[in-house]
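Peer 1: My questions will all concern the structure given below.
The values are calculated or read from the model by the stated rules, or taken from the named source; none is laboratory data. Fair warning: this is a prediction, and the values are worked out from it, not measured in the lab. Glycine also receives a Cβ, built like all others from the backbone with ideal geometry; neighbour counts cover every protein chain displayed.
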Amino acid sequence: MNTPEHLRYTKSHEWVLFAGDGTAKVGLTDHAQEALGDLVFVNLPEVGDALTCGETLGDVESVKAVSDIYSPVTGTVKAVNEDLLDAPESINADPYGAWLVEVEGITGQEELLDAAAYQALCAQED
Amino acid sequence: MELLFEKSRKGRGCDLLPPLDVPPAHLMEGMGREAPLDLPELSEVELSRHYSALERRAHGVNNGFYPLGSCTMKYNPRLHEELAALPGFAGVHPSQDPADVQGCLKVLRLAEELLCEITGMDAMTFQPAAGAHGELTALLMVKKYHLDRGDAGRTKILAPDSAHGTNPASAAMCGFTVVNVPSNPQGGVDLEALRAAAGPDTAALMLTNPNTLGLFDPNILEITQIVHDAGGLCYYDGANLNAVMGVVRPGDMGFDLVHLNLHKTFSTPHGGGGPGSGPVGCKDFLRDYLPAGYVEEGPRGLELRDPEKTIGRVKAFCGNFTVVVKALAYLLTLGAEGIPQAAQGAVLNANYLREQLRGTYDIAYGEGPCMHEFVLTLEKLKKETGVSALDVAKALIDQGIHPPTMYFPLIVEEALMFEPTETESRETLDHAAAVLKAIRAQADTDPAALHAAPVTTPIGRPDEVQAARHPVLRYRPPEVQP
């Protein structure tokens, strides 16, 4: 399982990359895409939508089930990765490249884990 | 296998439709098709052979054990078909004057009386075409009820995380926001979470009891009380009524509305075998909101009336009427003694099969007895052998058994959900248990064979991912394929 050092992670298996300019990108972890299996549909918010940390920002659908994606931060959607709508399989192929949303105006965040702590969490769940 | 469209030859064909015997209706300007419909042209014998060939490739209740969870695939007696085909039922025109079809209206009236008795409701509509349609109908009634009272802030529907997927879907279709209520460690509704979620914005709770884990929630009276205290209504998803019919009534559990699946609980064919019927029952205070075309006693006998505050029509005419005929035949055949016996048989069969499998497979929430269905969790098996719930389900096909429901409810990992129903014999259950034990043993010795299953069917494993990502929903002749 791949857990890049420069990312922060939620217990609900999202990654977040803080850009330094007050924005952050959010995606699903390698562990998440592995557990979900082949993704066939992604449902994302719209630019300008308000996100609240710990609450649903969208969902992903595999052949098995629909799963909620939880926002690691509170803020406003600055951009949405629209390429995913036509190619949800990119999340399986490249989970850390396939960002879901970019958030700005961040005012709060979930309890976030570093790579080592996230790896320990996944090991515990397995 | 060739499609009907591929078998079609221009000019061949048969007239299966009778001549038009009512005044033709005219579509609004611009609403008609510009080109004629491209329908396949085949002779009757070709058509008949095509469907017979499809039937040979399928697995129905008449082919073998069909323990699909939450679907109640019980046997449908042939007698029902014979009764539904009586010319007085099958040959009736839907536009007939009610005075001419008192017998048909009496069927609806009698089925309503009996099903209200079973559910503890006061009135019932037979318009909805199936379960999810019934959910939508009931939620439209809930919405109108709150709005009529000027209670416009009730925008949320509560549903447990073990709910059927149709519950949140119907709520969303109806414009409600869905609030997910978590389960407690015993598999029932978490009362504290329900108390926290219920409030002045609660329109209704949607609940299945027994739930999708096959467990009867012992806190049911407290659950409905919490929702009522918050001013919300309680809606009973009748998908699992087979476990309790004639034993305990949703109306007595505190529910205000129910939907039933006649095509599951009351033994009419479904799953490709025939249309469904999802009647909605309600307590007296909601009667005025029922869909238009409700059977009532009038000066000229039974007639179809529009209740005072009706939500309108949800389906043409009286719904899937002959399904109601079949369900009524079932009700009258079993009677007041047979209905609870069927429920008890369903619960006994589920517990029997579950105890046969205990020790071989892990049972989810398996401490106490189950109701009409139970859920296995193959999480450990998958970790130890790589054999998943999907592999076991596929391997069952090679043994002539229809797979159970897979990967549902969502709160159970690697779930397999079995509902044997009361119509299966002890020998069938013993055989299924033996097959499942053999598959479990094979998971250790030859997991590759299970990954490859099924091998006896015309199609092995369809490419579900490709089908979901790039569905082909209509036939196009080869020359116009993109």
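Peer 1: Name the residues in the stretch B:141-162 that are closer than 29 Å to residue A:67 by Cβ, in contact (Cβ under 8 Å) with a residue 60 or more places away in the chain and of a type in the set (A, V, I, L, M), would you?
Peer 2: Selection gives B:142, B:158.
Peer 1: Take the residues in the stretch B:395-413 that are surrounded by fewer than 20 Cβ atoms within 10 Å (Cβ to Cβ) and assigned to a helix (DSSP H, G or I); name whichever of them is farthest from the other protein chains (Cβ to nearest Cβ).
Peer 2: Checked the stretch B:395-413; the qualifying residue farthest from the other protein chains (Cβ to nearest Cβ) is B:398.
Peer 1: While we're here: Check off (1) more than 12 Å from chain B (Cβ to nearest Cβ); (2) modelled with pLDDT under 95; (3) assigned to a strand (DSSP E or B) for residue A:67 and give me the number that stays unchecked.
Peer 2: (1)
Peer 1: Check the stretch A:72-91 and report whether any residue there is within 14 Å of chain B (Cβ to nearest Cβ), loosely packed, with under 15 Cβ neighbours inside 10 Å, touching a residue at least 40 places away in the same chain (Cβ under 8 Å) and not in a loop (DSSP other than H, G, I, E, B).
Peer 2: yes
Peer 1: I've got another one for you. Kindly establish whether residue B:94 is within 20 Å of residue B:270 (Cα to Cα) and part of a loop (DSSP other than H, G, I, E, B).
Peer 2: no
Peer 1: Then there is this: Considering only residues of the stretch B:361-394 that are of a type in the set (Asp, Glu) and part of a loop (DSSP other than H, G, I, E, B), which is nearest to the chain's Cα centre (by Cα)?
Peer 2: Ranking the qualifying residues of the stretch B:361-394, first place goes to B:373.
Peer 1: Considering only the stretch B:306-360, how many residues are part of a loop (DSSP other than H, G, I, E, B) and either within 22 Å of the chain's Cα centre (by Cα) or basic (Lys, Arg) (or both)?
Peer 2: Count: 9.
Peer 1: Sort through B:428, B:385, B:421 and tell me the only one that's away from chain A (no Cβ under 14 Å), surrounded by 17 or more Cβ atoms within 10 Å (Cβ to Cβ) and touching a His at 6+ places or on another chain (Cβ under 9 Å).
Peer 2: After ruling out the rest, the residue left standing is B:421.
Peer 1: Looking only at the stretch B:220-238, count how many residues are within 24 Å of the chain's Cα centre (by Cα) and not β-branched (Val, Ile, Thr).
Peer 2: So the answer is 6.
Peer 1: Then there is this: How many of the residues in the stretch B:61-79 are among the basic types (Lys, Arg) and in a loop (DSSP other than H, G, I, E, B)?
Peer 2: Adding up the residues that qualify gives 1.
Peer 1: Of the conditions (1) in contact with a Lys or Arg (Cβ under 9 Å, 6 or more places away or on another chain); (2) in contact (Cβ under 8 Å) with a residue 24 or more places away in the chain, residue B:288 clears all except one; give me its number.
Peer 2: Residue B:288 satisfies every listed condition except (2).
Peer 1: Kindly indicate the residue of the stretch A:101-126 that is outside any strand (DSSP E or B) and among the polar types (S, T, N, Q) and also farthest from residue B:470 (Cα to Cα) among those meeting that condition.
Peer 2: Per the criteria, the residue is A:124.
Peer 1: Can you spot a residue in the stretch A:92-100 that is more than 14 Å from chain B (Cβ to nearest Cβ) and part of a strand (DSSP E or B)?
Peer 2: no
Conditions (1) within 26 Å of residue B:412 (Cα to Cα); (2) among the charged types (D, E, K, R); (3) crowded, with 18+ Cβ neighbours inside 10 Å, marked per residue:
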| position | (1), (2), (3) |
| --- | --- |
| A:37 | yes, no, no |
| A:46 | no, yes, no |
| A:62 | yes, no, yes |
| A:114 | no, yes, no |
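Peer 1: Looking at residue B:416, is it buried (at least 18 other Cβ atoms within 10 Å of the Cβ) and either under 30 Å from residue B:168 (Cα atoms) or within 13 Å of chain A (Cβ to nearest Cβ) (or both)?
Peer 2: yes
Peer 1: So, in the stretch A:94-126, of the ones that are among the charged types (D, E, K, R) and in contact with a Gly (Cβ under 8 Å, 6 or more places away or on another chain), which residue ends up nearest to residue A:55 (Cα to Cα)?
Peer 2: Per the stated criteria, the residue is A:110.
Peer 1: Ok, one more. Out of everything in the stretch B:443-482 that is in a helix (DSSP H, G or I) and within 14 Å of another protein chain (Cβ to nearest Cβ), what residue ends up being farthest from residue B:400 (Cα to Cα)?
Peer 2: Residue satisfying both the conditions and the ranking: B:469.
Peer 1: I'd like to verify a number: residues in the stretch B:8-52 that are under 30 Å from residue B:398 (Cα atoms) and either surrounded by 13 or more Cβ atoms within 10 Å (Cβ to Cβ) or touching a residue at least 60 places away in the same chain (Cβ under 8 Å) (or both), how many?
Peer 2: Just the residues of the stretch B:8-52 that are under 30 Å from residue B:398 (Cα atoms), to begin with: B:46-52.
Pick out the ones that are also either surrounded by 13 or more Cβ atoms within 10 Å (Cβ to Cβ) or touching a residue at least 60 places away in the same chain (Cβ under 8 Å) (or both) and you get B:46-47, B:49-50.
Residues in the stretch B:8-52 being under 30 Å from residue B:398 (Cα atoms) and either surrounded by 13 or more Cβ atoms within 10 Å (Cβ to Cβ) or touching a residue at least 60 places away in the same chain (Cβ under 8 Å) (or both): 4 in total.
Peer 1: Going through the stretch B:140-185 one residue at a time, which ones are acidic (Asp, Glu) and either buried (at least 20 other Cβ atoms within 10 Å of the Cβ) or more than 14 Å from chain A (Cβ to nearest Cβ) (or both)?
Peer 2: B:148, B:151
Peer 1: Select from the stretch B:410-425 the residues that are in contact (Cβ under 8 Å) with a residue 40 or more places away in the chain and under 24 Å from residue B:266 (Cβ atoms) and list them in ascending order.
Peer 2: The initial filter retains those residues of the stretch B:410-425 that are in contact (Cβ under 8 Å) with a residue 40 or more places away in the chain, namely B:410-412, B:415-424.
B:417, B:418, B:419, B:420, B:421, B:422, B:423, B:424 - these are the residues of the stretch B:410-425 that are in contact (Cβ under 8 Å) with a residue 40 or more places away in the chain and under 24 Å from residue B:266 (Cβ atoms).
Peer 1: Any idea how many residues of the stretch A:35-64 are assigned to a loop (DSSP other than H, G, I, E, B) and within 14 Å of chain B (Cβ to nearest Cβ)?
Peer 2: Number of matching residues: 6.
Peer 1: List the helices (runs of 4 or more DSSP H) that sit entirely inside the stretch B:185-280 and contain at least 2 residues that are in contact (Cβ under 8 Å) with a residue 40 or more places away in the chain.
Peer 2: Those helices (runs of 4 or more DSSP H) span B:250-253, B:262-265.
Peer 1: Here is a follow-up. Given (1) more than 14 Å from every other protein chain (Cβ to nearest Cβ); (2) free of Cβ contacts under 8 Å to residues at least 12 places away in the same chain, identify the lone condition not met by residue A:32.
Peer 2: Against the list (1) more than 14 Å from every other protein chain (Cβ to nearest Cβ); (2) free of Cβ contacts under 8 Å to residues at least 12 places away in the same chain, residue A:32 comes up short only on (2).
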